[in-house]
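Contents: one structure, followed by commentary.
None of the figures in this text is laboratory data; all of them are computed from the coordinates on show. Owing to the predicted nature of the structure, the values given are computational and were not obtained by experimental measurement. Positions of Cβ are generated from backbone atoms using ideal geometry, with glycine treated the same way; all protein chains shown enter the neighbour counts.
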Amino acid sequence: MIQLQNIEKVYRTDTVQTLALNSISLDVAKGEFLSIMGPSGCGKSTLLNIMGLLDAPTKGEIKIANQKTEHLSDKQLAHFRNNKLGFIFQSYHLINDLKVLDNVELPLLYRKMSAKERKELALEALGKVGLSNRVKHFPTQLSGGQKQRVAIARAIVGQPEIILADEPTGNLDSAMGNEIMDILIQLNVVEGTTIVMVTHDEHMAKKTHRLVRLFDGSQVQ
Ligand code: ADP
Ligand code: ADP
């Protein structure tokens, strides 16, 4: 589903040059749940951003769903991201002055769809994360775990084939973290969604199919 071949990423500023990823080759199979671990600064977010086509590698090739991505225009990339990928972040990235339902509808605004269809799909996604009773709340009225469930609903509302999650349980206590993990496992098992998750938590990583460890930009396991 995701094929990375000899990915290298160099960040250059006037004075420093950082090799953030050093020749990473990785295949993520359709339906796989992969976790990525490693110390701070080892390149995890860079790798996830490259898989999500949010950032381009300095060298190497990325294929998603068998499609090469290096020649796509910005507009095509945005379209591809919106249709194939769902993103979840540690700090939720919800819009605080939009109600839960409106937050979840956001990714659908880029699709040709009526307001009624948007609402139906958003309610369905909120049902899947167990938040049907919070649709008219604002994010500030929710717990951290509930906010992350809204973010998951927003990530899945467009029925993406792939979910990329950057420390989705990083801001949550272990009970809420486990709830979020259970939802992700459910999506993976029931819907067959491919998931790549960055985590600092060995316990969460153990629940996934495979663990890749990075150290200093290189894959060590
Ligand atoms: P992690 O997610 O594992 O903490 P990152 O992918 O954020 O690691 O960073 C990998 C390396 O690249 C680090 O050394 C970091 O300082 C560097 N880096 C990340 N983003 C930038 C950037 N925009 N400009 C320069 N260096 C960066
Ligand atoms: P943090 O670990 O500080 O919480 P995030 O998980 O919020 O970081 O973000 C991880 C990466 O995704 C960052 O490199 C950030 O620039 C990028 N990012 C965050 N929000 C968005 C967004 N809405 N769209 C695209 N990229 C984003």
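For the pair Ala78 and Met113, label points projected 7 Å from Cα toward Cβ lie 1.8 nm apart. Net charge within 13 Å of Leu94 by Cβ-Cβ distance, Lys/Arg positive one each and Asp/Glu negative one each, not counting Leu94 itself? Within the 13 Å Cβ shell, the charges total +2. One way to sum up the overall shape of the chain is the equivalent ellipsoid from its Cα gyration tensor, whose semi-axes run 29, 20, 16 Å, largest first. Based on the Stokes-Einstein relation at 37 °C and a viscosity of 0.692 mPa s, and on the Kirkwood radius from alpha carbon pairs, the stretch 99-213 is assigned a translational diffusion coefficient of 225 µm²/s.
Other residues with beta-carbon under 13 Å from the beta-carbon of Leu106 carry, at +1 per Lys or Arg and -1 per Asp or Glu, a net charge of +2. The relative contact order of the chain comes to 30 percent, based on Cα pairs under 8 Å that sit 6 or more residues apart.
Over the stretch 169-221, the Kirkwood radius and the radius of gyration, each from Cα atoms, give a ratio Rg/Rh of 1.00. Taking label positions 7 Å along the Cα-Cβ direction at both Val10 and Glu124, the computed distance is 4.7 nm, reported to one decimal.
Subtracting the Cα-Cα distance of Asp55 and Ser40 from 0.36 nm times their residue separation leaves 3.5 nm of extension gain.
One Cα centroid belongs to the stretch 37-78, the other to the stretch 148-171; the line between them spans 18 Å. Beta bridges per DSSP, both residues in the chain: antiparallel share near 50 percent. Counting charges near Gln76 (Lys, Arg +1; Asp, Glu -1) among other residues having Cβ under 15 Å from its Cβ returns a value of +3.
Applying 1/(1 + (r/R0)^6) with R0 = 30 Å to the Cβ-Cβ distance of Lys207 and Thr69 gives a FRET efficiency near 0.55.
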